[in-house]
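**Student:** Take a look at this one; I'll ask things after.
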Amino acid sequence: MKKIVVFYYTQSGQALDIMHNICQPIVEAGDEVIYKEIVPEKKFPFYWNCSNFFEIFPETRLGIPPYEIKDMDLSDVQDVDLVIVAGQSWYLSPSLPIQSFFISEQVKEYLKGRIIIFVNGCRNMWYMTIRKIRKYVFEAKANLVGHIVLQDMTANLVSVITIVRWLFHGKKEASGIWPRAGVSEKDIKEASRFGKTIKSAMDANDYSKLQEQLMDEKAIIYKPGVIFVEKTGHRIFDIWAKFIRKKGGYEDKNRSFRKTLFFLYLFFVLYIVSPIGILVFYLTYPIRALFIGKQKREACYNLEWSEDKKIQ
Ligand SMILES: Cc1cc2nc3c(=O)[nH]c(=O)nc-3n(C[C@H](O)[C@H](O)[C@H](O)COP(=O)(O)O)c2cc1C
């Protein structure tokens, strides 16, 4: 019998729901799965309002979590065969609790030498998140062998609206012209296929081809136009995050005005710049097409990290 630990953070329950489905075939086969919730010292709000949503932006983007996570009892998971971490992207980065998890000394000590899979349940911008996760795993001296992304497959502009209805107003279900927000129920249910693949690798104790096998099952849907926008956005977010932090740290009232400027900027970017960005991407597609295969390999297959690599 094999044993897995799943560390997860979720606000709506989506990331946990995904994990229950992935682990279903593993549990049915008689293996043990232990779930450990990642709990920040202070809870992040859900649902959000404009003020608290934008307050966390600089710290998320720059990887400076304002809170640590609560210490975890890891005594029952010392002998696991595999570690799965499940979470989400916030501001083109791993969510703050996921970053706190990887930064925690207790966790780093625990992860050392272990085999890890990362599962992301996000809207559709996951590329910079996995780069940062790869770095965190490298710094913990662990071994990342799998990466799965479940994303909202509706059009980018539609999901920008439905996610706001969900995260700010609790309206997740379809209504009027708007589809349901988040990862579709079908995609969540069908995530169980990944569990079978993970189980085979675990039984054979050979993870060398796992990511290739997961990709054969569409573990990540690669949308080059969205990645192009995300990479550009991530660079610009860096400038904004530093600009806001010059006025003070987390929850410092002095940064309210700059936070509002960022809100206006983000609104403009999401609804005006990003559609143009995607259009520009496809207009220049013939030139870009030469590099897309290489970029896809780098984004979806190559999970290794090294000292000389840069986040961007
Ligand atoms: C503050 C915040 C920022 C977010 N930023 C992104 C993002 O950059 N990319 C993305 O794909 N999804 C983003 N999302 C959506 C989340 O990744 C996730 O899908 C959603 O919050 C539900 O996750 P959970 O209920 O499992 O916590 C963001 C959500 C929040 C709350």
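Bear in mind that the values in this text are calculations on the coordinates, not laboratory data. Please read all numbers here as calculations on a predicted model, not as lab measurements. Please note: Cβ atoms are built from the backbone with ideal geometry, for glycine as well, and neighbour counts cover all protein chains shown.
**Student:** Return ARG193, ARG297 ranked ascending by Cβ neighbour count within 10 Å, so the fewest neighbours appear first.
**Tutor:** Exposure proxy ranking, most exposed first: ARG297, ARG193.
**Student:** Once you keep just the Cα pairs under 8 angstrom separated by 6 or more residues, what percentage relative contact order results for the chain? Spell out each step's value before the answer.
**Tutor:** On the way: 456 pairs, mean separation 62.6, N = 312.
The normalised contact order for the chain reaches 20 percent.
**Student:** Which value, in Å³ per residue, describes the convex hull spanned by the Cα atoms of region 171-312?
**Tutor:** Values: hull volume 29.8 nm³, N = 142.
Considering the Cα atoms of region 171-312, their hull volume per residue is 210 Å³.
**Student:** Moving on. Quick check: pseudo-label points 7 Å beyond the Cα along Cα→Cβ at GLU304 and TYR47, how many nm apart are they?
**Tutor:** 4.7 nm
**Student:** For the chain, how big is Rg over Rh, using alpha carbon atoms and the Kirkwood form of Rh?
**Tutor:** That ratio equals 0.95.
**Student:** Any idea how far apart ASP203 and GLU32 come out in nm if each label point goes 7 Å out from Cα toward Cβ?
**Tutor:** It works out to 2.0 nm between the two label points.
**Student:** If you don't mind, another one. Cα to Cα, under 19 Å, and not fewer than 8 places away if on the same chain: which aspartates and glutamates meet these conditions relative to LYS171?
**Tutor:** ASP17, ASP152, GLU185
**Student:** Do any of LYS36/LYS199; LYS112/LYS218; LYS231/LYS259; LYS70/LYS108 go past 23 Å between their Cα atoms, and which?
**Tutor:** Over 23 Å Cα-Cα: LYS112/LYS218.
**Student:** Around ARG255, under 15 Å between beta carbons, what's the net of Lys plus Arg minus Asp minus Glu among the other residues?
**Tutor:** Local net charge: +4.
**Student:** Separate question: Along region 107-124, what does the Karplus equation 6.51 cos²θ - 1.76 cosθ + 1.60 (θ = phi - 60°) give for ³J(HN,Hα), rounded to whole Hz, x for Gly and Pro?
**Tutor:** Listing the rounded values in order: 5, 4, 4, 5, 6, 3, x, 8, 9, 10, 10, 10, 10, 10, x, 10, 6, 6 Hz.
**Student:** For ASP71, what charge total do you get from the other residues with a beta carbon under 11 Å from its beta carbon, if Lys and Arg give +1 and Asp and Glu give -1? Mind dumping the intermediate values first?
**Tutor:** Numbers: positive: LYS70; negative: GLU41, GLU68, ASP73, GLU105.
Summing Lys/Arg as +1 and Asp/Glu as -1 gives -3.
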